[in-house]
Amino acid sequence: MTETAPGTASGTYLIRGAAILGGGAEDLLIREGVIAERGTGLSAEGATVIEAAGLVALPGMVDIHTHLREPGREDAETVETGTRAAALGGYTAVHAMANSNPVADTAGVVEQVHSLGRASGWVDVRPVGAVTVGLAGEQLAELGAMADSRAQVRVFSDDGICVHDPVLMRRALEYVKAFDGVVAQHAQEPRLTAGAQMNEGTVSAVLGLAGWPAVAEESIIARDVLLAQHVGSRLHVCHVSTAGSVEIVRWAKERGINVTAEVTPHHLLLTDELVRSYDPVYKVNPPLRTDADVQALRAGLADGTIDVVGTDHAPHPSEHKECEWAQAAMGMTGLETALSVVQETMIETGLMTWADFARVTSTVPAAIGRVTDQGRPLEAGEPANVILVDPAARWTVDPHKMATMGRNSPFAGRELPGAVVATFFKGHPTVLDGKLNTPYRYAADSSGTGSSN
């Protein structure tokens, strides 16, 4: 594989012998931004050939939960650095959370983020609009204006802060119905978590750290699924972290309530036992829970109770994490490690197949965000958002070698399986040989309006 020039979807690429969704080896011919053919023994004059024997071909991953920090927190991350990390991690689309500065609570701010994403060209950046003005939880933000903007926002969240007022939450759920939007709730009852530092349990008692009870999450989810049922709206639950939360979501789905839920890679692998080290890299919201919770989350993802994996990629400047536990910021990076962690926790354990992986990391998150040209089947005529993964690769996580500005990876020094070899975004290779290649460049007359752009 060789580096290509920045470009639109004009190139022709022949991926030869990849295991499609982990199945039999086939070829994919990419031309003019779409999958032109799928089959065996394909050929195309002038095509760049990518030998993919031993690699798995998957639809580009879609992250429903990313913090890109820009505007206002460029000391932690920028759209450019965050989307470079996303491309390297196998993503072709990310949803950028609203807790920037200024908050993404107006059409102007979401359009700025949307434009920054298009200028970078590494992945499709879908801004998430705030539910309330300034994330203050007092009055609804300009939901309709953000939905009608060039960014065409369909996901709204105050993530990082819970919409704890039930009246306001009900109004938000009612409002987004008009444009088929979804409210993504950060489930955390603030009065039950005042001063909380980690999961409430045996470890918190031993360490003398204020506990974060599971019921603080579960009570909000229980309330909100009932509100969603009452108004007939879509609800998405961010970063589910407890066994009880899984059961509540399962109960809601059994009753036909329109709820979806996500789990982060770190909650699929790590437990609160790591907090015994007092290393702030393990400080996160919601907190790392017990092994019993981890097993319940894995089972819930495997059986479809939990719909998607969302990274909750949350980079911080080093000075905000390399300090005493009580003063440290909450959050972990995740875009460049998510695929590997899910492979280790779900595929190598036999709980899921690569086809299941595609469902929870691409197809369903794209559907939740109403991103129509992402998460598509790897079939002729479909948009060429494709990744190639080497499932046999093993690598050791070194945060200092990552594209993200954040060095706060909880997997630092850990050996993980699986590596992204290539990422095709709109038919253009943004990653080749596991390294950044060149970004996609939108045509000068492309307006960026419409969910398929």
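The table below lists the values:
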item: Per residue, in Å², the accessible surface of the stretch 92-198 once ligands and nucleic acids are set aside, probe 1.4 Å; result: 34
item: P(r), alpha carbons of the stretch 342-445 - 5 Å bins starting at zero, rounded %; result: 2, 10, 15, 19, 23, 18, 8, 3, 1, 0
item: 10 Å-binned pair-distance histogram of the stretch 260-338 (Cα, whole percent); result: 19, 48, 27, 7, 0
item: Cβ charges +1 (Lys, Arg) and -1 (Asp, Glu), total dipole of the stretch 182-304, debye; result: 280
item: Principal axis box of the stretch 96-229, alpha-carbon based, largest edge first, Å; result: 51, 35, 22
item: Cα-based radius of gyration of the stretch 1-143 once divided by 2.2 N^0.38 Å, which approximates compact folds; result: 1.31
item: The stretch 285-342 and the stretch 236-274: distance between their alpha carbon centers, rounded to Å; result: 12
item: Accessible surface ranking that places the most exposed of ASP356, ASP158 first, with a 1.4 angstrom probe; result: ASP356, ASP158
item: Calculated P(r) tail over 16 Å for the stretch 209-311, as whole % of Cα pairs; result: 54
item: Hypothetical label at ASP303: residues of the stretch 352-375 whose amide nitrogen lies under 15 Å (7 Å Cα-Cβ projection); result: 352
item: Assigned charges on the beta-carbon of Lys, Arg, Asp, Glu; the stretch 1-120 dipole about Cα centre (debye); result: 140
item: Inverse mean reciprocal Cα-Cα distance (Kirkwood Rh) of the stretch 154-249, Å; result: 14.0
item: Charge sum, other residues only, whose C-beta stays under 13 Å from VAL308's C-beta, Lys/Arg counted +1 and Asp/Glu -1; result: -4
item: Candidate lysines - alpha carbon under 29 Å from LYS401, same-chain residues fewer than 8 apart omitted; result: LYS283, LYS321, LYS426, LYS435
item: Summed residue charge, Cβ within 11 Å of GLY232's Cβ, Lys/Arg positive, Asp/Glu negative; result: +1
item: Simple spin-label estimate for SER43 and ASP291 in nanometres, 7 Å along Cα-Cβ; result: 5.7
item: The chain, relative contact order in percent, only Cα pairs under 8 angstrom and at least six apart counted; result: 21
item: Theoretical gain in end-to-end length, ASP279 to ALA210 [0.36 nm per residue, Cα-Cα removed]; result: 23.2 nm
item: Estimated inter-spin distance, ARG250 and ALA53, nm [label 7 Å along Cα→Cβ]; result: 4.5
item: Extension gain from GLU319 to ASN258, taking 0.36 nm per residue of separation minus the Cα-Cα distance; result: 17.8 nm
item: THR78 - accessible surface, heavy atoms, 1.4 Å probe, Å² rounded to 10; result: 30
item: Approximate shape of the stretch 353-394 as ellipsoid semi-axes (Cα gyration tensor, √5λ), whole Å, largest first; result: 20, 13, 8
item: Charge dipole (debye, nearest 20) of the chain; +1 at Cβ of Lys and Arg, -1 at Cβ of Asp and Glu; result: 420
item: Label-point separation in nm, LYS177 to HIS400, each point 7 Å along Cα→Cβ; result: 5.5
item: Stokes-Einstein D for the chain, Kirkwood Rh over Cα pairs, 25 °C, 0.890 mPa s (µm²/s); result: 112
item: Per-bin percent of Cα-Cα distances, the stretch 285-399 [5 Å]; result: 2, 9, 16, 19, 19, 16, 10, 6, 2, 1, 0
item: Equivalent ellipsoid semi-axes - Cα gyration tensor, the stretch 54-103, angstrom; result: 25, 11, 5
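The values are calculated or read from the model by the stated rules, or taken from the named source; none is laboratory data. These numbers come from a predicted model, not from an experiment. When we count neighbours, we look across all protein chains shown, and the Cβ atoms used for this are built from the backbone with ideal geometry, even at glycine. Surface areas here come from the heavy atoms of the whole protein model, side chains and all, with no ligands, DNA or RNA. Shrake-Rupley method; radii C 1.70, N 1.55, O 1.52, S 1.80 Å.
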